[in-house]
Amino acid sequence: MSIFKNAAIAAALLLSASMVHAQLPNWQNMDLQKDSVFGISVEKAYNELLKDKKSKPVVVAIIDSGIDTAHEDLKSYLWVNLKEKRGNGKDDDKNHYTDDINGWDFIGSAKGNVSYDNLELTRLVRAGQARFANPSADTNGLYQYKQLRAKYDQEMEEAQKTLYGISRFKGMLDTMVAKMNKENPTAADFQTFDASNPVEEQIKQVVGQQLLRYPDYKSFKASELDRAYDHFKEQADYQLNLAYDPRAIVGDNYANVDEHYYGNGDVTGPDADHGTHVAGIIGAGRNNNLGINGVADNVMLMSVRAVPNGDERDKDVANALRYAVDNGAKVINMSFGKPYSPNKKAVDDAVKYAMSKDVLLVHAAGNDGENTDSVANYPNRKYLDGGVADAWIEVGASGPDDDETLPASFSNYGKNAVDVFAPGVAIYSSIPGSKYDYHDGTSMAAPVVTGLAALIRSYYPKLTALQVKDVILKSVVKIEHPVAIGGENGEAKQVKMTDLCKTGGVVNAYKALELAATYK
């Protein structure tokens, strides 16, 4: 059997699907008519609508993996708790969070910080395994546990097989490179390589094509193969490992979902790549000759660390929301999600609290290419009691081209569950160490909308969260042509954009600000 029928190779070579698009910094801020890429017309809005207009600063909370607070393009735009004295080890403002200068970390303590954590599925299976180990245990819920266990076993088997497949692929590739006797072979080197067997011929063709998108072999190997290998190794070693539970690092009473005061003030954490990238999209310095231009030009970025490498925990998300609201956030970005939510009521209560304080929540729809009208994705706007969080925007990811590929192939969608789409393919933004890189995902699309919401609240501060949402949804650029989504066996099918989200369109800053100006 061809090794390329194994999911390992697909995962290794398609994990960075966005690379098929031209990499263009700041394309999300560009204008379709002027620049021929489907950005949201941010620069046009600044040049034509906001020139000489005054604005007020808006606090934007980023619930994520952490933000590099020393980043050259972000450090001047961080939220600072002026009531707290840096590094004195005292809770100066008496809010129960000592030294919360730029935010708070709910997945750390004096012992350190959680970096890796399990998937929620793993935690549920571990709890069920302990509960039903006793033959005399109450069997209520046993059927559900068996279903979860079957799902878990399937995911672990796939992760292990894929990890093995990638390792085998890398080994074969290394052998081929050794035969070439070149440390950093080019696409031309692969094209002229004399394959000695069908497997080498397959590798030659696939890698040769991949290299056309990279400056050199080393870049391809690091970006595609090494990253894919690390991804599935993390799954096997941490996310799906029943024996691994890092919660002792936090030191809270995890069973008590009403516990609020735990964590530490380290809002960067051990791996702030994701959160730093999100922060740059929202509010990196504009026109400062550094890196990128954020969408919003007058924001204070609050880092609330609650998302590990693995699934976030409901208790931490609920507390992160409450902390952000209590400390003045008017827009909260949530670029995370999972298929199970065992303590959803705690999250619902925190979302209701945010709604009561006129806060707009922006959430990434997810990257599984699924219809979230029918597939669970948490957190979401629907409460367990039947109510709905009105000031909530659910965001899918779009690409730069105004054709059938506009909705990103990885993006979740939903005629009712998803509100809008926004740029989320090959987005260039800040990463730790005052560096920059391209990432893609609905995790990048959500902060584009968060930045837009903050921009509107900054220049039109009298608008409520619901009015800002209304402005954003009513001002989308509607897509009239057919678009493609993945079907069974990877086959694409053509649909209307209105089948993928409520508005049938992509957000647009220029149109939104025009509309905002008409609100009284």
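Structure above, values below:
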quantity	calculated
Filter result (part of a loop (DSSP other than H, G, I, E, B) and either in contact with a Cys (Cβ under 8 Å, 6 or more places away or on another chain) or in contact (Cβ under 8 Å) with a residue 24 or more places away in the chain (or both)) within segment 215-248	Asp216, Leu240, Asn241, Leu242, Tyr244, Asp245
Residue under evaluation Ser458, criteria (1) surrounded by 24 or more Cβ atoms within 10 Å (Cβ to Cβ); (2) among the hydroxyl-bearing types (Ser, Thr, Tyr); (3) more than 20 Å from the chain's Cα centre (by Cα), criterion not met	(1)
Evaluation of Thr442 against (1) open to solvent by 10 Å² or more (accessible area, probe 1.4 Å); (2) at pLDDT 95 or above (one fails), failing number	(1)
Condition met for Val125 (surrounded by 20 or more Cβ atoms within 10 Å (Cβ to Cβ), modelled with pLDDT of 95 or more and more than 24 Å from the chain's Cα centre (by Cα))	yes
Residue satisfying all of: in segment 199-213; surrounded by fewer than 17 Cβ atoms within 10 Å (Cβ to Cβ) and free of Cβ contacts under 8 Å to residues at least 40 places away in the same chain; farthest from Gln23 (Cα to Cα) among these	Glu201
Test: residue in segment 387-410 that is on the phi < 0 side of the Ramachandran plot, surrounded by fewer than 16 Cβ atoms within 10 Å (Cβ to Cβ) and of a type in the set (A, V, I, L, M, F, W, C)	yes
Thr518 being open to solvent by 50 Å² or more (accessible area, probe 1.4 Å) and of a type in the set (Val, Ile, Thr)	yes
Residues (open to solvent by 10 Å² or more (accessible area, probe 1.4 Å) and either not aliphatic (A, V, I, L, M) or not in a helix (DSSP H, G or I) (or both)) located in segment 28-47	Met30, Asp31, Gln33, Lys34, Asp35, Ser36, Val37, Glu43, Lys44, Tyr46, Asn47
Of all residues in segment 96-110 being of a type in the set (S, T, N, Q) and open to solvent by less than 30 Å² (accessible area, probe 1.4 Å), the one that is nearest to Tyr323 (Cα to Cα)	Asn102
Residue in segment 145-157 that is open to solvent by 60 Å² or more (accessible area, probe 1.4 Å), under 30 Å from Gly265 (Cα atoms) and of a type in the set (Lys, Arg) present	no
Asp194 vs. criteria farther than 30 Å from Ile107 by Cα and open to solvent by 60 Å² or more (accessible area, probe 1.4 Å)	yes
Scan of segment 418-439 for residues that are of a type in the set (A, V, I, L, M, F, W, C), over 16 Å from Leu360 (Cβ atoms) and surrounded by 24 or more Cβ atoms within 10 Å (Cβ to Cβ), ordered by number	Val418, Phe421, Val425, Ala426, Ile427
Residue that is nearest to Gly108 (Cα to Cα), among those in segment 288-343 that are open to solvent by 20 Å² or more (accessible area, probe 1.4 Å) and part of a strand (DSSP E or B)	Asn309
Close pairs from segment 73-94: first open to solvent by 60 Å² or more (accessible area, probe 1.4 Å), partner at pLDDT 95 or above and among the small types (Gly, Ala, Ser), Cβ under 8 Å, at least 6 apart	Ser76/Gly285; Tyr77/Gly283; Tyr77/Ala284; Tyr77/Gly285; Tyr77/Gly294
In segment 249-267, the residues that are aliphatic (A, V, I, L, M), touching a residue at least 60 places away in the same chain (Cβ under 8 Å) and either assigned to a loop (DSSP other than H, G, I, E, B) or farther than 24 Å from Leu121 by Cα (or both)	Val250, Val257, Val267
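The values are calculated or read from the model by the stated rules, or taken from the named source; none is laboratory data. Keep in mind that this is a model prediction, so the values were computed, not measured. Ideal geometry is used to build each Cβ from the backbone, glycine not excepted, and the neighbour counts take in all protein chains shown. Ligands, DNA and RNA are stripped out before the accessible areas are found, and what is left, the full protein with its side chains, is counted by its heavy atoms. Shrake-Rupley method; radii C 1.70, N 1.55, O 1.52, S 1.80 Å.
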